[in-house]
Amino acid sequence: MTTATDVKAAETGTHKRRLMSNNDSMIFAGLVLFGILGPILFPNYTFQIAVLWLMVLFALTWDIMGGQMGYNSLGNIFFFGAGMYICAIVQVGLFTDVGAYTSVSGQGNFKFTPDQYYIGVAVGLVAAAIGSSLLAVALGWIVFGLRGPYFAIGTLGMALAAGELIGAWGWVGGGSGIPMPVYPGSGDGKSYFFYVLCFAAAIATFLFLKWLYSTQFGLAINAIRDDEGKAEAMGVHTLRHKTVAWAVSAFFLGIAGGLFGNMTGFIEPLEVAFPTITFGIFMVAMALLGGKGTIWGPVLGAILFHIVKEVTWTYFLGWQWVALGVIIIINIIYFQQGIVGWLQEKYPGWFGIEVDERARAEAPAKGAAQ
Amino acid sequence: MSNLIEVRNVSKAFGGVVANHDISITVPEGKITGLIGPNGSGKTTLFNSIVGYHPIDSGSIKFKGAEISKKKVQQIARLGMLRTFQQTRIYSLMNCVDNMLISVPHRDAAFFDMFKPYPNEMREKAEDLLEFVGLYEKRKLRAGDLSFGQQKLLEFAMALMNEPEVLLLDEPTAGINPTLINGLIDRLKRANTDFGITLFVIEHNMRVIMNMADTIYCLAHGELLAEGAPSEIQNDQRVIDAYLGAH
């Protein structure tokens, strides 16, 4: 290989090849720093910050499909609930009979030893992640026949139906739910334990997606977003990519569900496991607010959304839904590209995007940096 | 010289509208075959039938001797038969290089290949082909920001990136300004001679098709009207009546 081709290759691949640019690394470091210091500086808000990390995870996983691939799913919350139930069943089922544990007479009578608790959580989370992914693969066979708004409504129906079906399934406690194994330690200990896991899950999701979008997979799902018919005509294995995209979403959402179930301590189908109109819609709203189809958009959107939500919930109780509704309406009608999407249009050079040379020539100072 | 595509007695109707009736066409390997006809004569329908967009009502379509009329679009594309679109279709939010990279052949793509980065040779090839069609300077621009003519060139380059054996081009020069057309004819011919790609071209621009094609088929009202060398077609009274008109 000659030096000339090396130079050419290096020139084309600079920001694609490296996993993170300097700007990205700095923002990421700031995020991690906040993750570590947050619960130390604001110990009373440990639970809220833990939920914040789950929100980041929600928005990121929704964006795989909705942003990067152009398939707006309204039913991704299904995998959150599925993960929650799989995790709970494994945690209980490893050590006692699930049917007896969840029955009305036996509600939560079984006491778990600390070892049983930690083993249960570990195995349960792994099972939740894998189980949810497998469900995504199976359901993908059915719902990927749907396009556009039909896909959105189909997936929404799937999540709603799941809540009702679980509610009618006696073995897992039906509508009265499952009391989760009790954390063997203090309340603060529990907060920190799950805080660390939520934080780790969100960071792992971010890094995994950052890598995933840099591979051939990333381009393929972008191509499906831009023109799926064209991608098919070019021989791209579209179903394969769509299924993997959904399975990746489901993998991390399954973990999030398992964690959230344990944090709340009690799970039931409609409000906790399959909260379609809260978390299910939040994940869409957050990704749209921050900017769908970007890696930082969902992160930023989740943080802003969560702060607004917590503030309105605390200080303007009764108006919180109005505030959220206003944000969503303004976002969708006037600001569809979201915050990061808007920044990309305004300052493409920050993101390594090139615009027409003639336009660049008129404003040479900014674009050159990247 | 074998026939790459063999269409035998293909018929296709949409409800009561017969788009193609009993059409037989062969596309010989290494040649440029043209397809002309008035608007609505069934040219694009025939293209769509060949590449598997819709099932045909009767007849047979063979690619390299194997029946493909029951296969799906993606499978046929992976066999090495590719088409471009009348309404140019590119990935508008991705830049030109990415448009090229996603167009690499997917024939032998194993499941886990999707998690690999693109090798440097692919990037070089992408840039070389962009240079070939004259879009190297625009390679980092978003494809959707290109002019229509440039998008057509990009779509053509993407098709070359896919290394097809046969390329079905649906009106490659439509919407391209006259000065660019000569360059495009030259590149289409070079795709045929230098890259060894068999071409099957729908075209309304008579100067282009008469200049390029070895054999031309003419459709009218969904039926095959005539076939022959460009000079024969130009002088065929039926073609003149139905399509070319008197000069």
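Bear in mind that the values in this text are calculations on the coordinates, not laboratory data. From a predicted model like this one, the values you see are computed outputs, not experimental measurements. FYI the Cβ positions are ideal-geometry reconstructions off the backbone, even for glycines, and counts take in every protein chain you see.
Can you give the calculated 222 nm mean residue ellipticity of chain A, where each DSSP H run of n ≥ 4 adds -39,500 (n - 2.57) and the sum is split over every residue, rounded to the nearest 500 deg cm²/dmol? Please report the intermediate quantities before stating the final value.
Numbers: 16 runs with 262 residues, N = 370.
Mean residue ellipticity, 222 nm, calculated: -23500 deg cm²/dmol.
Rounded to the nearest 0.05, what FRET efficiency is calculated for A:TRP342 and A:SER176 with R0 set to 51 Å and r the Cβ-Cβ distance?
0.65
Given axes a ≥ b ≥ c from the Cα gyration tensor, I'd like to know whether the range A:47-336 is rounded (a/c under 1.5), prolate (a/b larger than b/c) or oblate.
Note, shape of the range A:47-336 comes out prolate.
Does the range A:140-271 classify as rounded, prolate or oblate by the C-alpha gyration tensor (a ≥ b ≥ c root eigenvalues; a/c under 1.5 gives rounded; else a/b over b/c gives prolate, otherwise oblate)?
It comes out oblate by the Cα gyration axes.
Quick one: compute the contact order of the range A:47-336, relative version, from alpha carbon pairs under 8 angstrom and 6+ residues apart, as a percent.
The normalised contact order for the range A:47-336 reaches 36 percent.
Hey, can you grab everything whose amide H is under 5 Å from the amide H of B:LEU4? Only 5+ residues off in sequence or another chain; H modelled, so Pro and N-termini drop out.
Placed amide hydrogens put B:VAL27, B:GLU29 under 5 Å from B:LEU4.
How many Cβ atoms of partner chains, on average, are near each residue of B:66-75 if near means within 10 Å of its Cβ?
Across B:66-75, the average partner-chain Cβ count within 10 Å equals 2.
Rank the residues A:TRP62, A:TRP141, A:TRP211 as a footprinting-exposure proxy: fewest other Cβ atoms within 10 Å of their Cβ go first.
A:TRP141, A:TRP211, A:TRP62
Nearest 10 degrees, 0 to 90: what angle lies between the long axis of helix B:148-161 and the longest principal axis of chain B (Cα atoms)?
Approximately 80 degrees, to the nearest 10.
Output the pairs from B:LYS12/B:LYS43; B:LYS152/B:LYS189; B:LYS140/B:LYS189; A:LYS292/B:LYS140; B:LYS12/B:LYS189; B:LYS72/B:LYS189 with a Cα-Cα distance over 23 Å in this structure; if there are none, say none.
Beyond 23 Å: B:LYS140/B:LYS189; B:LYS12/B:LYS189; B:LYS72/B:LYS189.
Give me B:PHE112, A:PHE42 ranked fewest to most by other Cβ atoms within 10 Å of their Cβ, as a rough exposure proxy.
On the way: B:PHE112 7, A:PHE42 11.
By the 10 Å Cβ count, ascending, the order reads B:PHE112, A:PHE42.
Rounded if a/c is under 1.5, else prolate if a/b beats b/c, else oblate: with a ≥ b ≥ c from the C-alpha gyration tensor eigenvalues square-rooted, which is the range A:113-212?
Since a/c reaches 1.5 but b/c is at least a/b, the shape of the range A:113-212 is classed as oblate.
Would you mind finding the longest exposed-site-free stretch of chain A, with exposed trypsin sites (Lys or Arg not before Pro) meaning DSSP loop and at most 14 other Cβ atoms within 10 Å? Spell out each step's value before the answer.
On the way: sites that count: A:ARG18, A:LYS111, A:ARG147.
No qualifying site falls inside A:148-370, the longest such stretch.
What FRET efficiency would be calculated for the residue pair B:ASN39, A:LEU304, taking the C-beta separation as r and a Förster radius of 35 Å, to the nearest 0.05?
The pair B:ASN39/A:LEU304 has a calculated efficiency of 0.10.
Check B:MET94: other-chain or 5+ apart residues with amide H under 5 Å from its amide H, H built from backbone geometry?
Here B:ALA143, B:GLY144 satisfy the definition.
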